[in-house]
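The next block holds one structure in the form of structure tokens; read it before the comments.
The values are calculated or read from the model by the stated rules, or taken from the named source; none is laboratory data. All values derive from a computational prediction rather than experimental measurement. Positions of Cβ are backbone-derived with ideal geometry, glycine not excepted, and every protein chain shown enters the neighbour counts. Just the protein is used for accessible areas: all its heavy atoms, side chains included, with ligands, DNA and RNA removed. Shrake-Rupley method; radii C 1.70, N 1.55, O 1.52, S 1.80 Å.
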Amino acid sequence: LTYLLNLLMSSIWWGAMSQADELDAIRQTLAAYNMAGDRFRLEELAASFLEEGVLETPTATWRGRTEIVAGLSRRGADQGPRPTVVRHHLTTSKLDLTGPDTAEGRTYFIVFTDIGPDHAGHYQDRLRKAGGAWLFEHRSVRIDWISEASLFRALKAAHDARRAAHTIGIPHYIM
């Protein structure tokens, strides 16, 4: 009987994920989103969101996986050539478990393209654990800097308009 109780207790103990394990699982979601986006695998990128998840960018907001894929698929002729290389590098990240199945985080990134450093910013995320996986409930993309030679022209235009709309004297990193 003692053996069975110990076996049961050890399976309960080892079956539960620790806080560090949960945070690592969230980091895997962050990485999966960027790696899929870099390769223009939009279905994979959208799979990192809840079915009703929201992706908010400086140029648009999309709700639901289908809308996210459709929105990211659009690239007009006025956008210029598509980069041949896109690599998002995640840097400083602060993640907090806000409940057993909810988390929030802020992660800085820099994007390299054919021109070198193209733009940088941060993600503001709300995640929820569903079906054993951490998925984005809401991801907000904020651009803090963008190269004059950026290959993401619509992003550059949105960033420039946002900066121009703010009062002179307010540092851009506060916005």
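Is the stretch 8-22 home to any residue that is over 19 Å from Ala154 (Cβ atoms), modelled with pLDDT of 95 or more and touching a Gly at 6+ places or on another chain (Cβ under 9 Å)? No, every residue in the stretch 8-22 fails to be over 19 Å from Ala154 (Cβ atoms), modelled with pLDDT of 95 or more and touching a Gly at 6+ places or on another chain (Cβ under 9 Å). Residues in the stretch 139-153 that are open to solvent by less than 50 Å² (accessible area, probe 1.4 Å) and among the charged types (D, E, K, R) were compared, and the one that is nearest to Gly116 (Cα to Cα) is Asp144.
Sub-8 Å Cβ pairs linking a first residue in the stretch 43-72 that is within 15 Å of Val141 (Cβ to Cβ) to a second residue that is of a type in the set (D, E, K, R) and open to solvent by less than 20 Å² (accessible area, probe 1.4 Å), at least 6 apart or interchain, are Phe49/Arg139; Gly53/Arg139; Val54/Arg139; Leu55/Arg139; Glu56/Arg139, ordered by first then second residue.
The rows are residues; the columns are (1) within 19 Å of the chain's Cα centre (by Cα); (2) free of Cβ contacts under 8 Å to residues at least 60 places away in the same chain.
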site: Pro83; (1), (2): no, no
site: Thr113; (1), (2): yes, yes
site: Leu127; (1), (2): yes, no
site: Ala130; (1), (2): yes, no
site: Arg162; (1), (2): no, no
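The residue list Ala25, Ala47, Ala31 contains one member that is aliphatic (A, V, I, L, M) and over 13 Å from the mean Cα position of the chain (by Cα), which is Ala25.
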